[in-house]
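Worksheet: the structure to be examined is printed underneath.
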Amino acid sequence: MKDGGKHINIALFVPHAGCPHTCSFCNQKTISGVGKRLTKEDIEKAAEIAVKGEYDRANSEIAFFGGSFTAIDRDYMEYLLQSAYPYIEKGYFKGIRCSTRPDAIDEEILNILKKYGVTAIELGAQSMSDRVLAMNERGHRAEDVAKASGLIKEKGFELGLQMMTGLYGDDDETAVSTAEKIIELKPETVRIYPTVVLENTTLARLLREGKYKPQTTEEAISLCGKLLLMFREANIKVIRLGLHSGGNVEEGFIAGAYHPAFREMCESRLYFDYVSDIIKKENIKGKITIYVNPSEISKMTGQKKCNILKLRELGAEAKVKGSEAVEKYKAQIKCEE
Ligand code: SF4
């Protein structure tokens, strides 16, 4: 095994069999893509494959995802942690990351997590509106998110918060307010998941009864672009935007905002909005060069040059160039004539 190389996360899914909650969007099997119980052997197999490769040990983690890690059977939770811990002790990974419910965090649980090398905890906040949380049968309130976040930070863990857009009863204004409240809790990372309606969920039933209108991909792109910018301005990393492809999401998918390149589409929209605002305000027409950070040229250009084509409709013939002087999510416009 060699050190160096890139950051990796060994993602292990822990489905919550027998979960007492009935969150409107949840179909654990479909989301996790794993129906069987995770074992010590599964963890060792995944870790052994990883440690043979070249990766950055100081920044890599073993991650237990699934959304309810600390709400599963206590003995089983400790068994999973004990199975992963030897790899942390030996320095193969910086720590363990897990995701859980806000009401499944207390001092005792945090002490157990600390003992086994957990360094980052993500909470499925989903919304900071009690009305939206209740309508989606989350079984916790916004104050549980605030309380758990405080405890996690106090104990020195890295805090991650996850939010959803387009839930039953949610709208853009409520989503922006959720993002503002999340920012106040000062998480190190955020994940944003536009809601997808999966087969065998309450949302699927509400949709068929005509009581729920899912967000379109277009609506979600426009909203999530704004949310991305809000978190960036607050120096909070958005480590995921949109559900992962694979994991059988495509199979159970009925409706909602899902695209394998969702983040890229949001970022691309964000650039278009930024540049088109300036063009409209300053009444810019004709040939222009748009400078963006070199890593962002394809996002400014857009898939199939869609941003360039839309700018042409506004009267601007744009070329895109890279400049290290321009920050991510910003652009500079130079008129050519
Ligand atoms: S999302 Fe809700 S219903 Fe699904 S496993 Fe987690 S707590 Fe249970």
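The values are calculated or read from the model by the stated rules, or taken from the named source; none is laboratory data. Here the structure is a predicted model, which means the values were calculated and not measured. Cβ placement follows ideal geometry from the backbone for every residue including glycine, while neighbour counts extend to all protein chains displayed.
Quick notes
- Filter result for F64 (assigned by TED's automatic domain parsing to the domain that holds E137, modelled with pLDDT of 95 or more and within 16 Å of the ligand (Cβ to nearest atom)): yes
- Test: residue in the range 82-100 that is within 21 Å of T201 (Cβ to Cβ), surrounded by 21 or more Cβ atoms within 10 Å (Cβ to Cβ), assigned by TED's automatic domain parsing to the domain that holds M163 and modelled with pLDDT of 95 or more: yes
- 3 or more residues within 23 Å of M230 (Cα to Cα), among the hydrophobic types (A, V, I, L, M, F, W, C) and touching a residue at least 12 places away in the same chain (Cβ under 8 Å): qualifying helices (runs of 4 or more DSSP H) within the range 251-337: 262-281
The rows are residues; the columns are (1) closer than 30 Å to Y212 by Cβ; (2) under 20 Å from the mean Cα position of the chain (by Cα); (3) surrounded by 16 or more Cβ atoms within 10 Å (Cβ to Cβ).
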residue	(1), (2), (3)
P260	yes, yes, no
C266	yes, yes, yes
T289	no, no, no
L314	no, no, no
E317	no, no, no
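- Total residues in the range 81-98, condition in contact with a Lys or Arg (Cβ under 9 Å, 6 or more places away or on another chain) and not aliphatic (A, V, I, L, M): 7
- Test for Y79: is it away from the ligand (no atom under 16 Å from the Cβ), surrounded by 21 or more Cβ atoms within 10 Å (Cβ to Cβ) and either under 15 Å from P15 (Cβ atoms) or in the same structural domain as I8 (by TED's automatic domain parsing) (or both): no
Yes or no, residue by residue, for (1) within 19 Å of I72 (Cβ to Cβ); (2) modelled with pLDDT of 95 or more; (3) within 14 Å of the ligand (Cβ to nearest atom):
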{"site": "A104", "(1), (2), (3)": "yes, yes, yes"}
{"site": "E108", "(1), (2), (3)": "yes, yes, no"}
{"site": "A142", "(1), (2), (3)": "no, yes, no"}
{"site": "G166", "(1), (2), (3)": "no, yes, no"}
{"site": "V176", "(1), (2), (3)": "no, yes, no"}
{"site": "A179", "(1), (2), (3)": "no, yes, no"}
